[in-house]
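Trainee: Right, I'll just put the structure down here and ask away after.
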Amino acid sequence: MNIFIVSLVVLVVLVLLRSVKVVPQQNAYVIERLGKFHEVLQPGISFIVPFVDRVAYKHSLKETAIDIPEQICITKDNVQVAVDGVVFMQIVDPMKASYGIANYKFAVIQLAQTTMRSEIGKIDLDKTFEERTNVNRAIVSAIDEASIGWGVKILRYEIKNITPPKTVLNAMEKQMQAEREKRAVILTSEGEKQSAINQAEGQKQKMVLESEAFRQRQINEAEGQAEAIRAVATATAQGIREVAAALQDKGGMEAVQLRVAEQLVEQYGKLAKSTNTMILPANFSDMGGMITAAMSVIKSTQGVADKKS
């Protein structure tokens, strides 16, 4: 009797243990009843029928990163490059992930590799690094489209490394060195060109400024000479007017006669000093007659001036 009771208690405990299932957060359990899909248990405590229902699959609903092994791809210009990457995915339908495909992780890896080879083959080696974003987007689109029936969502794909052969790396390094040297030569020539242009412009401006300065100096000199001529003419005219006015005053003619006599004697004296031979007029002894002749010229000139005025 005691053995029977103990056996019954043990059986009840076993039934209770098999009928209660606790599903952790971000997990899902797929339940089969008599070998056929029955339901998906969500996180929390759930009850199943012992010995009839069983947990066939356990899936994590967290985002998972799957490493894509390195493989050899051939670019559009027939260069072999080694490419690897990583894909980020998440199970969104546990039932399809259980029955839609035998191994969804293996399928995702294979599809990522084939799509990557196809996309790398569409671009040249020089553009593989530039087109990484487009390649990643194309791989995500291809895998996501194929995995609709797998209950898996492809979130993103990233290429980790693109490794060309050493010979290609050496050639690329030489090409980059040549490009840098080319840019340096171009920049140097551009600097020399700009320097020559600046010097030419400076010389041009210098010549323009010098010509403007020379022109202004000539104008200033001409204006100064004209002003001097006007001043001399004005002074001469003023002197003539004063002499004419003095001749009209009392004793003016006598003063002129005295001045003429003085000038005559002075000029003959200078002539005698400058040469040993001197030719004198026949009437040189008649100084009064010579003065009278000079005065007659002055009077006749004055008469003409009075008539014009």
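The values are calculated or read from the model by the stated rules, or taken from the named source; none is laboratory data. Treat the numbers as computed from the prediction; the structure is a model and nothing was measured. Positions of Cβ are generated from backbone atoms using ideal geometry, with glycine treated the same way; all protein chains shown enter the neighbour counts.
Trainee: Does the range 78-112 hold any residues that are surrounded by 16 or more Cβ atoms within 10 Å (Cβ to Cβ) and either β-branched (V, I, T) or within 42 Å of the chain's Cα centre (by Cα) (or both), and which are they?
Mentor: V79, V81, V83, D84, G85, V87, I91, I101, V108, I109, A112
Trainee: Ok, one more. For the range 138-159, does any single residue satisfy the condition of being surrounded by fewer than 15 Cβ atoms within 10 Å (Cβ to Cβ), among the small types (G, A, S) and outside the structural domain of T75 (by TED's automatic domain parsing)?
Mentor: The answer is no, given that none of the residues of the range 138-159 is surrounded by fewer than 15 Cβ atoms within 10 Å (Cβ to Cβ), among the small types (G, A, S) and outside the structural domain of T75 (by TED's automatic domain parsing).
Trainee: Determine whether R215 is within 30 Å of V135 (Cβ to Cβ) and either touching a residue at least 12 places away in the same chain (Cβ under 8 Å) or not acidic (D, E) (or both).
Mentor: no
Trainee: From the list I5, I68, I31, I48, which residue is at pLDDT 90 or above, farther than 17 Å from Q90 by Cα and among the β-branched types (V, I, T)?
Mentor: The unique qualifying residue is I31.
Trainee: Let me ask another. Of the numbered conditions (1) among the charged types (D, E, K, R); (2) assigned by TED's automatic domain parsing to the domain that holds Y99; (3) under 17 Å from V79 (Cα atoms), E173 satisfies every one except a single condition; which is it?
Mentor: Going through the list (1) among the charged types (D, E, K, R); (2) assigned by TED's automatic domain parsing to the domain that holds Y99; (3) under 17 Å from V79 (Cα atoms), E173 breaks only (2).
Trainee: Does the range 125-183 hold any residues that are among the acidic types (D, E), closer than 30 Å to Q90 by Cβ and free of Cβ contacts under 8 Å to residues at least 24 places away in the same chain, and which are they?
Mentor: Of everything in the range 125-183, those that are among the acidic types (D, E), closer than 30 Å to Q90 by Cβ and free of Cβ contacts under 8 Å to residues at least 24 places away in the same chain turn out to be E130, E131, D144, E145.
Trainee: Where in the range 74-192 are the helices (runs of 4 or more DSSP H), entirely inside, with at least 1 residues that are farther than 30 Å from Q26 by Cα and touching a strand residue (DSSP E or B) at 6+ places or on another chain (Cβ under 8 Å)?
Mentor: 104-120, 132-146
Trainee: Can you report the number of residues in the range 8-28 which are out of contact with any strand residue (DSSP E or B) (no Cβ under 7 Å at 6 or more places or on another chain) and closer than 16 Å to P94 by Cβ?
Mentor: Of the residues in the range 8-28, 2 are out of contact with any strand residue (DSSP E or B) (no Cβ under 7 Å at 6 or more places or on another chain) and closer than 16 Å to P94 by Cβ.
Trainee: A further question on this structure: Hey, any hits in the range 46-69 for a residue that's of a type outside the set (V, I, T), touching a Leu at 6+ places or on another chain (Cβ under 6 Å), surrounded by 10 or more Cβ atoms within 10 Å (Cβ to Cβ) and within 24 Å of D144 (Cα to Cα)?
Mentor: No, the range 46-69 has no match at all.
Trainee: State whether one or more residues within the range 5-20 are on the phi < 0 side of the Ramachandran plot and in a strand (DSSP E or B).
Mentor: Yes; the residues of the range 5-20 include at least one that is on the phi < 0 side of the Ramachandran plot and in a strand (DSSP E or B).
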